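Engineer: My questions all concern the structure below.
The values are calculated or read from the model by the stated rules, or taken from the named source; none is laboratory data. Just so it is clear, the model here is predicted, and its values are computed rather than measured. Here Cβ is always computed from backbone atoms with ideal geometry, including for glycine, and neighbour counts include all displayed protein chains. Quick note on the areas: whole protein, heavy atoms, side chains included, nothing else; ligands and nucleic acids left out. Shrake-Rupley method; radii C 1.70, N 1.55, O 1.52, S 1.80 Å.
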Amino acid sequence: MSRPTFQLYNSMTRAVTELKPLDPPRISLYVCGPTIYNYGHIGNFRTYVAVDLLRRALKHFGYQVDHVMQYTDVDDKTIRGSREKNLPLKEFTAIYRQAFLEDAKTLNIEIPERTPNATDHVPAMIALIQKLIDKKSAYVSDDGSVYFRIASFPRYGCLCHLDLGSLMTGARVNQDEYEKEGVGDFVLWKKWVPADGDVGWDSPWGRGRPGWHIECSALSMEYLGEQIDIHGGGTDLRFPHHENEIAQSESATGLTFVGHWFHVEHLLVDGQKMSKSLGNMYTVREVIERGYTGRELRYALLSGANYAKNLNFTWQGMDDAKTALSRIDEWRKLVKANVAEAGQPDPIEVTTQLNKIIALVEDPLANDLNINGMLGQLFQIIRNSNGVLASKQFTPEALAALLKFWDILDTILGLGDATVTIPADVQALLDQRAAARQAKDFVRSDELRKAIEALGWKVKDTAKGQELLAG
């Protein structure tokens, strides 16, 4: 079966282009991981869910994905947070590293092949900084820190298409994050100051710590080599972080740093930017506390919009996700129920039918991860097959192909099965209702159904007995 060419939007060229890895079928993927100083919010996880879809899609199309994601466990925020909590930096950041992993599991995000902590690789960062100093791309300033000299890199601004004509010569930026209006020579190594407490490493330029931007250049080179196929992250990292990574890396090696830039756009909440002042900066845990599942949140983050467009998160959207997943689950149950009644399928014909169905979703998937195109095809397949299943006008081959189709599709979407934990009080009512129906006491059965519904559940009577559904 021939497959479509996999294409992806490249933030550098601002065009959808074919992926061309350096060493196919291996594809190197570096993604900026979380700064582990707090719980991640759903805007953060929109990026990681989109990256998860990308890596699953790449594997589906036969690529061998070598994926690295670092944890930033030393920067202005982590040091400030550890001092506020009166905890050693490593102990403080370990709390939020574990929280990230738990939230990723809730959303069924595959963990990358390698996930280093930045603080475990400071010697590599020092070596890279020294290399930049030797090449006159960086210098030790009068304040004892080391800065990258952006005038030494004529391509500076190539990712964000910045106009540097008005840049003030000699301007410096010591903060990890800053706006484009404040662009200047950025810090690679920060001299120790009292606010750093016991956080610091010895270096040729004195005690201090690495700046944020040098981390990813050093770690990507250490794990993936001097050139990588895809570099991903949230759109807010384009500047200054990714722009600075390009300058550092290419100045050190003389090679093109990244073949394809993959950026995930912002998540809005009810049409507004997330902010603490608006009270709309929801964590994954807060969404789950409202009665939704990680599966439903994953679906909402995937289906709300293409990764390269803003996604508007709403609670109605979460309810829509729940409804959509219920439709998928009901269809899968119907297919599985009919498999038992079908005869032995012809494996050759199953493969033929499966290839036709898979092609319907592979085309949009290969076209810049067109998730809504994929889901549109899925629900069209569900509509078409539901009628055939209801009328029993199916073949064993069609049923087997549909089951295999979902298994393959779910490997890409990562939605998994609905897992429902039934509370003890609901189970007790359900057992009483089963006994009432067995005794043909339908008045009592109806009363118990209403009692179950009052607790937020629904009961569906089928030929095989009661079926409990989350309300």
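Engineer: Need one value: the accessible area of Met69 in square angstrom, 1.4 angstrom probe, rounded to the nearest 10.
Structural biologist: Roughly 10 Å² of Met69 is accessible to a 1.4 Å probe.
Engineer: Can you tell me the accessible area per residue over segment 1-121, all protein chains present, probe 1.4 angstrom, in square angstrom?
Structural biologist: Using a 1.4 Å probe on heavy atoms only, each residue of segment 1-121 averages 43 Å².
Engineer: Along the Cα-to-C-beta direction of Gln64, a point sits 7 Å from the Cα; which residues of segment 1-37 have their amide N less than 13 Å from that point?
Structural biologist: 23-28, by backbone N distance to the label point.
Engineer: Is segment 208-363 rounded, prolate or oblate when judged by the Cα gyration tensor, a ≥ b ≥ c being the square roots of its eigenvalues, rounded requiring a/c under 1.5 and prolate requiring a/b larger than b/c?
Structural biologist: Here segment 208-363 falls in the oblate category.
Engineer: Grab the Cα-Cα distance for Lys131 and Gln427, subtract it from 0.36 nm times how many residues apart they are, and report the gain in nm with one decimal.
Structural biologist: 99.9 nm
Engineer: Here's another thing I want to ask about it. To the nearest 500 deg cm²/dmol, what mean residue ellipticity at 222 nm is calculated for the chain from DSSP H runs of n ≥ 4 alone, each contributing -39,500 (n - 2.57), summed and divided by the residues?
Structural biologist: -14500 deg cm²/dmol
Engineer: Ala340 to Asp407: extension gain in nm, 0.36 nm per residue of separation minus the Cα-Cα distance?
Structural biologist: Details: separation 67, 0.36 × 67 = 24.12 nm, distance 1.77 nm.
Stretched out fully, the Ala340 to Asp407 stretch lengthens by 22.4 nm.
Engineer: Next question, about the same structure. If I compute solvent accessible area with a 1.4 Å probe over the protein chains, what percent of it on the chain is carbon and sulfur?
Structural biologist: In the chain, the share of accessible area belonging to carbon and sulfur is 51 percent.
Engineer: Now for a different question. For Thr352 and Lys458, what does the FRET efficiency come to when R0 = 45 Å and r is the distance between their Cβ atoms, rounded to the nearest 0.05?
Structural biologist: Plugging the Cβ-Cβ distance into 1/(1 + (r/R0)^6) gives 0.70.
Engineer: Report the full-extension gain for the segment Gln380 to Thr323: residue separation times 0.36 nm, less the Cα-Cα distance, to one decimal in nm.
Structural biologist: 18.9 nm
Engineer: Only residues of segment 192-221 count here: report those whose backbone N is under 18 Å from the spot 7 Å along Cα→Cβ of Cys160, or say none.
Structural biologist: Once the point is set 7 Å along Cα→Cβ of Cys160, 211-217 turn out to lie under 18 Å by backbone N, inside segment 192-221.
Engineer: Local charge sum around Ala435 (other residues, Cβ-Cβ under 12 Å, Lys/Arg +1, Asp/Glu -1)?
Structural biologist: +2
Engineer: Using only Cα atoms and rounding to the nearest 10 degrees, what angle (0 to 90) does helix 42-60 make with the longest principal axis of the chain?
Structural biologist: 80 degrees
Engineer: Here's another thing I want to ask about it. In this model, which of Lys356/Lys458; Lys309/Lys333; Lys136/Lys276; Lys90/Lys136; Lys309/Lys450; Lys85/Lys273 are farther than 32 Å apart at the alpha-carbon?
Structural biologist: Working: Lys356/Lys458 37 Å; Lys309/Lys333 34 Å; Lys136/Lys276 42 Å; Lys90/Lys136 34 Å; Lys309/Lys450 43 Å; Lys85/Lys273 29 Å.
Distance filter (> 32 Å) returns Lys356/Lys458; Lys309/Lys333; Lys136/Lys276; Lys90/Lys136; Lys309/Lys450.
Engineer: Also, quick follow-up: Placing +1 on the Cβ of each Lys and Arg and -1 on the Cβ of each Asp and Glu in segment 242-293, which of Gly259, Ser275, Val287 has its Cα farthest towards the positive end of the resulting dipole?
Structural biologist: Val287
Engineer: Something else now. If you take every residue apart from Val258 with its C-beta less than 14 Å away from the C-beta of Val258, what net charge results, scoring Lys and Arg +1 and Asp and Glu -1? Could the numbers behind the result be given before it?
Structural biologist: Working: positive: Lys20, Arg155, Arg238; negative: Glu226, Asp229, Glu243, Glu245, Glu250.
Residues close to Val258 contribute a combined charge of -2.
Engineer: Residues with amide H under 5 Å of Ala138's amide H, sequence separation 5 or more or different chain, H placed in the peptide plane at 1.01 Å from N; which?
Structural biologist: Ile133, Arg149
Engineer: Highest mean first, how do 434-441, 240-247 rank when packing is the count of other Cβ atoms within 10 Å averaged over residues?
Structural biologist: In decreasing order of mean packing, 434-441, 240-247 become 240-247, 434-441.
Engineer: Another question, if that's okay. Could you work out how far apart the two model spin labels at Arg26 and Arg3 are, taking each label as a point 7 Å from the Cα in the direction of the beta carbon, and quote it in nm?
Structural biologist: 1.9 nm
Engineer: Rounded to the nearest 20 debye, what is the charge dipole size of the chain about its Cα centre when +1 sits on each Lys and Arg Cβ and -1 on each Asp and Glu Cβ?
Structural biologist: 700 debye
Engineer: Based on the mean of other Cβ atoms within 10 Å per residue, sort peptides 132-141, 193-202 so the most packed one is first.
Structural biologist: 132-141, 193-202
Engineer: Considering only DSSP beta bridges where both residues belong to the chain, give the percentage that are antiparallel (nearest 5).
Structural biologist: Given both bridge residues lie in the chain, the antiparallel proportion sits at roughly 50 percent.
Engineer: Next question. Can you give the accessible area per residue of segment 422-471, in Å², using a 1.4 Å probe?
Structural biologist: 65 Å²
Engineer: Using unit Cβ charges (K, R positive; D, E negative) and no other charged atoms, how large, in debye to the nearest 20, is the dipole of segment 323-471 about its Cα centre?
Structural biologist: 560 debye
Engineer: Tell me, what is the FRET efficiency for Lys440 and Asn310 to the nearest 0.05, using R0 = 60 angstrom and their Cβ-Cβ distance as r?
Structural biologist: After rounding to 0.05, the efficiency reads 0.60.
Engineer: Continuing with the same structure: Per-residue HN-Hα couplings for segment 242-255, Karplus 6.51 cos²θ - 1.76 cosθ + 1.60 at θ = phi - 60°, whole Hz, x for Gly and Pro?
Structural biologist: Going residue by residue, I get 6, 4, 6, 4, 4, 4, 4, 5, 6, 5, 6, 10, x, 10 Hz, with x marking Gly and Pro.
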